[in-house]
Amino acid sequence: MLSAMISVLITCVIGAICFWAIDKFARDGRLAKLLKLLVVLLCLGAILQRVLPLMGIAWF
């Protein structure tokens, strides 16, 4: 349980760093929005991959 919480926290921190990098370096607004959406989806997928087995739901 603790390792899952730590991995979720690490995923959130990496996602925040990616958001900062996108804001800093992406010039086009549409590209920045798409990249942020991609980061959100990847982070949600990584979080669900860690949390769902703890809840007893296995998708593979």
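Give the residues of the range 30-53 that are surrounded by 12 or more Cβ atoms within 10 Å (Cβ to Cβ) and of a type in the set (D, E, K, R), sorted by residue number. Quick ask: steps written out before the conclusion?
Taking the range 30-53 as the starting set, the residues that turn out to be surrounded by 12 or more Cβ atoms within 10 Å (Cβ to Cβ) are 32-36, 38-40, 42-44, 46-53.
Selection gives 33, 36, 50.
If we scan the range 6-29, do we find a residue that is touching a helix residue (DSSP H, G or I) at 6+ places or on another chain (Cβ under 7 Å), basic (Lys, Arg) and either assigned to a helix (DSSP H, G or I) or loosely packed, with under 14 Cβ neighbours inside 10 Å (or both)? There is no residue in the range 6-29 that is touching a helix residue (DSSP H, G or I) at 6+ places or on another chain (Cβ under 7 Å), basic (Lys, Arg) and either assigned to a helix (DSSP H, G or I) or loosely packed, with under 14 Cβ neighbours inside 10 Å (or both).
A short reminder: the numbers here are calculations on the coordinates, not readings from a lab. Keep in mind it's a predicted model, so treat the numbers as computed, not measured. Note: ideal-geometry Cβ built from the backbone for every residue, glycine included; neighbour counts use all protein chains shown.
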